[in-house]
Each structure stands twice: as structure tokens, then as C-alpha cells.
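Colleague: Quick one: the structure is below, and I'll ask about it shortly.
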Amino acid sequence: MDADKLARALSGVLSLPITSKSDARTGITEFRLQGMSRPHGFSVMVTPLLSRVKAELRLDRLAADLLRVMGEAGYEKWLQVAQISRAYESLGAKFQILVNGTTVEVLGSQELDEGVQTFTCTGSLIRTSVDDSNTDVLAVTEALFSFIICLLPLDLDPDLESTAEIGSVDFSFASEGQSHSVLSTRYERSRANRAAAIAVHGSSCAVCQFSFDENYGDLARGYVEVHHLTPVSSMGGPRPVDPVTELVPLCANCHRMAHRRWPPYTPQELAEAREHRAPLWKS
Ligand SMILES: [Zn+2]
Ligand SMILES: [Zn+2]
């Protein structure tokens, strides 16, 4: 397993700088978020076995600040972590995510009243990639990163600001619609949501099938934009979003087109519009 290549793929899909270090003796690879240095950060330890890949989130010795910041995340963020874990579980992965000793699946908001004292996270996935693409290793590793990123202020990717502009540029709509559009674009700008959506749906555009990987090769590294499908008028307020049913990968062009209208055009409508397009050149 090429640890550097995996670190580049992870950095690409989460748009965060992630480094790797392999121990040839144990076969364990350690992934870390660059800039969050020991002993105040965390690492994801990955053990690729013959039949399965195991991964474990390991907090550094002095990760009190990290736990404090996680404790400041709203309850809704923890529900989102559970939702993202279900998305990866639909790919066959299994996770155990414990906060203060309780699994996130049954976590109640009162259990976070005293903040976060302990947070442990392990995952495993039966190996499926027969080639050296390591998509299984990547999936379980990025899931663990996503869980913790979801709870930290670095979940929103400022590079995707342009998508937020598209949604909020419509001043003619009522203020209610505005707040909904901000809400929906916030989900689209979430690194963790984006990674989960791409893991489940792939990185080709759902409307035109454009693949950044095929067209830009290594430059793209699984890049695609992610669009929020749920009619935003039905979203009462912040709530977890399901990457499997509510998020869809779109290329930059189709995403722009989707947001030309409010509420956005559906992928179906965009695909139909493309089918009826006039030929480029008439001889
Ligand atoms: Zn497209
Ligand atoms: Zn969108």
C-alpha cells in the first residue's frame, strides 16, 4: 500500500493537508492532519490486513483542547456523525464511535451537557479492491477523518464559497428562502458530507457524467462538487443530512446550472434540458 498516494487522495477528497507515515515492521500507517501537531492533535492508524482493513482514531496525549472544541459542537453535529457513519456502512464498513462511553447511534443531547471527556472511534471494512487502488483503505480512513472533522470548526471548506454565493445571490426571494439557501449551501460546503457523498455515489457528475478524474487525472483526485437535493423549503432548521439520499455529485457546470433557479433545478430537469440541446454545429 502506497501511503503517500493514499495521503494525497485523502487530502484531495477532504481538501485538507493530510500526511502519512508507515511503519514497515508493523504494517501500520499513521495519517495526520498537517498543522495539528503532536501532542495536541490526533492521528488515524490504519492496519491493512489480508481480508480486511482496520482503522482507529487515536487522540494525542494532550488533546484536551481538541475535546473541548468537540464539546462545543452542537448536538446536531453528532447526529451528522451518525448519519455519515451510516453512509459508509452502506459500503460495508463497520464503525464504533463512542463519546463519553455512549455510542453516537443512541446518544442523547443531555449526555453532552458536561462536554466531551472521551471520544473513541474504530472502523473496519472487508477488503474488496483487488488492484492496488486501495479504495477500501481510503474509504474507512476518510470516514474516521470525517467524523472528527465534522465536529471541528474546519468542516466548512472556504474554497467552496462560490457555491454559497450562487444560493444566496437571489435577493428577490423572501428572507426565509435566504436562510434556507444558506443552510443548504452549508451542507454542500461540508468536507465531511462531501467525502461521504463521493464515497457512496462516486465522483462523476450525476447529470452529464463528466469525470474530473478521467479529464484531469491526478490533479483532480476524486474532486467533484456536491449538491443538496432536498427541497430547501422543507428544511425547518439545521438537521443532519443523509449523504446517500440527499447529496448528489455534480460537475461545476451542472452545479451552476442547478442554482440558476430557486429552488434549484433537479438533476432530472438538467439531464432533460441537455438531451434537448441544439447541436453545436449544423452543416
Ligand atoms: Zn455535469
Ligand atoms: Zn448546490
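Colleague: Could you please state how large a percent of the accessible area of the chain is carbon and sulfur, counting protein chains only and using a 1.4 Å probe?
Modeller: 53
Colleague: Amide H neighbours of Gly41 under 5 Å, at least 5 residues apart or on other chains, H built in the peptide plane: list them.
Modeller: Asp60
Colleague: Taking a ≥ b ≥ c as the square roots of the eigenvalues of the Cα gyration tensor of the chain, is the shape rounded (a/c under 1.5), prolate (a/b larger than b/c) or oblate?
Modeller: Taking the square roots of the gyration eigenvalues as a ≥ b ≥ c, the chain is oblate.
Colleague: Now for a different question. May I ask you to rank Tyr187, Tyr265 by accessible area, largest first, using a 1.4 Å probe over the protein chains only?
Modeller: Tyr265, Tyr187
Colleague: Pop the C-beta distance of Arg261 and Glu72 into the FRET formula with R0 = 41 Å and round what comes out to the nearest 0.05.
Modeller: Working: r = 37 Å, r/R0 = 0.90.
It comes to 0.65.
Colleague: Can you give the extra length, in nm with one decimal, that the chain gains between Leu219 and Thr135 once fully stretched, where that is 0.36 nm per residue apart less the Cα-Cα distance?
Modeller: Values: separation 84, 0.36 × 84 = 30.24 nm, distance 1.76 nm.
Stretched out fully, the Leu219 to Thr135 stretch lengthens by 28.5 nm.
Colleague: Hey, another quick one. Only Lys, Arg, Asp and Glu count, each charged at its Cβ (+1, +1, -1, -1), so figure out the dipole size of the chain about its Cα centre, rounded to 20 debye.
Modeller: It comes to approximately 360 debye.
Colleague: First measure r as the distance between the Cβ atoms of Asn100 and Asp2, then evaluate 1/(1 + (r/R0)^6) with R0 = 35 Å and state the FRET efficiency to the nearest 0.05.
Modeller: The value I calculate is 0.40.
Colleague: At 1.4 Å probe size, with every protein chain present, just tell me what the per residue accessible area of the chain comes to in Å². Show your work: numbers first, answer last.
Modeller: Details: 14280 Å² over 283 residues.
Result: 50 Å² of accessible area for each residue.
Colleague: Continuing with this model, one more query. Where does each of 193-203, 118-128 land if you order them by average Cβ count within 10 Å, highest first?
Modeller: Numbers: 193-203: 23.9, 118-128: 17.2.
Packing proxy ranking, top to bottom: 193-203, 118-128.
Colleague: Right, something else. Assign unit charges at the C-beta atoms only (+1 for Lys and Arg, -1 for Asp and Glu), then state the dipole size of the range 3-155 relative to its Cα centre in Debye, rounded to the nearest 20.
Modeller: Using Cβ point charges on Lys, Arg, Asp and Glu, the range 3-155 gives about 500 debye.
Colleague: Round to the nearest 0.05 the FRET efficiency obtained for Glu114 and Leu49 when R0 = 41 Å and r is the Cβ-Cβ distance. Could you put the intermediate results ahead of the total?
Modeller: Working: r = 37 Å, r/R0 = 0.91.
Efficiency, rounded to the nearest 0.05: 0.65.
Colleague: Could you list which residues have their amide H under 5 Å from that of Val226, counting only those 5 or more apart in sequence or on another chain, with H placed in the peptide plane?
Modeller: Under 5 Å from the amide H of Val226 lie the amide H atoms of Leu250, each far enough along the sequence or on another chain.
Colleague: Would you mind computing, in nm to one decimal, how far apart the modelled labels at Arg58 and Arg239 are, each placed 7 Å from Cα along Cα→Cβ?
Modeller: Label-label distance for Arg58 and Arg239, simple model: 4.0 nm.
Colleague: Additional query: Counting only C-alpha contacts under 8 Å and six or more residues apart, can you give the relative contact order of the range 3-155 as a whole percent?
Modeller: 23
Colleague: Just need the relative contact order of the chain here, percent rounded to a whole number, with Cα pairs under 8 Å and 6+ apart.
Modeller: Once divided by the residue count of the chain, the mean separation gives 17 percent.
The values are calculated or read from the model by the stated rules, or taken from the named source; none is laboratory data. Predicted model, so just to flag it, every value in this text is computed and none were measured. Note: ideal-geometry Cβ built from the backbone for every residue, glycine included; neighbour counts use all protein chains shown. These accessible areas exclude ligands, DNA and RNA; they are computed on the full protein's heavy atoms, side chains included. Shrake-Rupley method; radii C 1.70, N 1.55, O 1.52, S 1.80 Å.
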